[in-house]
């Protein structure tokens, strides 16, 4: 048994910078691509971190669920959809894959929908800069359980001690009356090297357990810096031409980087001829997670 990506969805900041709306659009796109009804999604997991106006309550997952049109009917006999936020920075999507696998194994639902994405809390900008290095974008992965070897392998994690390397927070001492539109992001001078170290550990663990030759797989990784995935490929012995990136025009899509890169690769046909993708997510902590994905034959 495996957990397979049934479909993907994306949404960019052309019409809105609301991550609730963008994640909702991405969710609807994934359902449309898969040709399934909203009531066939039993669980929605939101992994986004930076949200509209620094919203704390209610759970942003519930707002995204509403925007996606999932589980809005409450008549007798209707299926229920449970949603929740799972926030672990750039690593959140792979954490959600691990949780989704446990949920699907129970047979309690046909599909689990993972949404990811971030926006500047002011909703006034969508492009990264030195003060806020994250682009606005939404993405979704629709997961299902299948028989056979295809799908995600075990999710392996790694972390190291010391400072978190990078951190984001609302500075209560200085925010005044505009705290809902501000976010402070601090990065250590060596943050990329420290994140690369834990990403390499997680990636090596996933490859070693699967016994897969790294020369024959594709790599999709977090993008805390534009060259980070290629630096990681070098460390893991993966060919540079096998590195698959999201669109980085507006900067780092942060929590959405992995699903955006996979969606882009599917659309471009760049997965043809490959059998596996190594997903590596890495960020603040420093922490990382990695999982090998066995591509379905229809893609490979």
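The values are calculated or read from the model by the stated rules, or taken from the named source; none is laboratory data. What you are looking at is a predicted structure, and each value in this text was computed from that prediction instead of being measured. Cβ atoms come from the backbone with ideal geometry, glycine included; neighbour counts cover every protein chain shown.
The table that follows gives values for the structure above.
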read-out	value
Tally of residues being farther than 19 Å from residue 50 by Cβ and modelled with pLDDT under 95 across the stretch 105-143	6
Test: residue in the stretch 267-274 that is surrounded by fewer than 24 Cβ atoms within 10 Å (Cβ to Cβ), in contact with a strand residue (DSSP E or B) (Cβ under 6 Å, 6 or more places away or on another chain) and either at pLDDT 95 or above or over 23 Å from residue 127 (Cβ atoms) (or both)	yes
Residues of the stretch 17-40 classified as in contact with a helix residue (DSSP H, G or I) (Cβ under 7 Å, 6 or more places away or on another chain) and closer than 15 Å to residue 112 by Cα, total	6
Among (1) buried (at least 20 other Cβ atoms within 10 Å of the Cβ); (2) within 19 Å of residue 134 (Cβ to Cβ) - the single one residue 203 does not satisfy	(2)
Filter result for residue 15 (modelled with pLDDT under 95 and either more than 28 Å from residue 127 (Cβ to Cβ) or not assigned by TED's automatic domain parsing to the domain that holds residue 279 (or both))	yes
Matching option when the condition is within 17 Å of the chain's Cα centre (by Cα) and farther than 13 Å from residue 137 by Cα, among 28, 51	28
Strands (runs of 3 or more DSSP E) contained in the stretch 139-228 and holding at least 1 residues in contact (Cβ under 8 Å) with a residue 60 or more places away in the chain	156-159, 166-169, 218-221
Close pairs (9 angstrom Cβ cut-off, 6 or more residues apart or separate chains): farther than 16 Å from residue 30 by Cα in the stretch 97-116, part of a helix (DSSP H, G or I) anywhere	109/40; 109/103
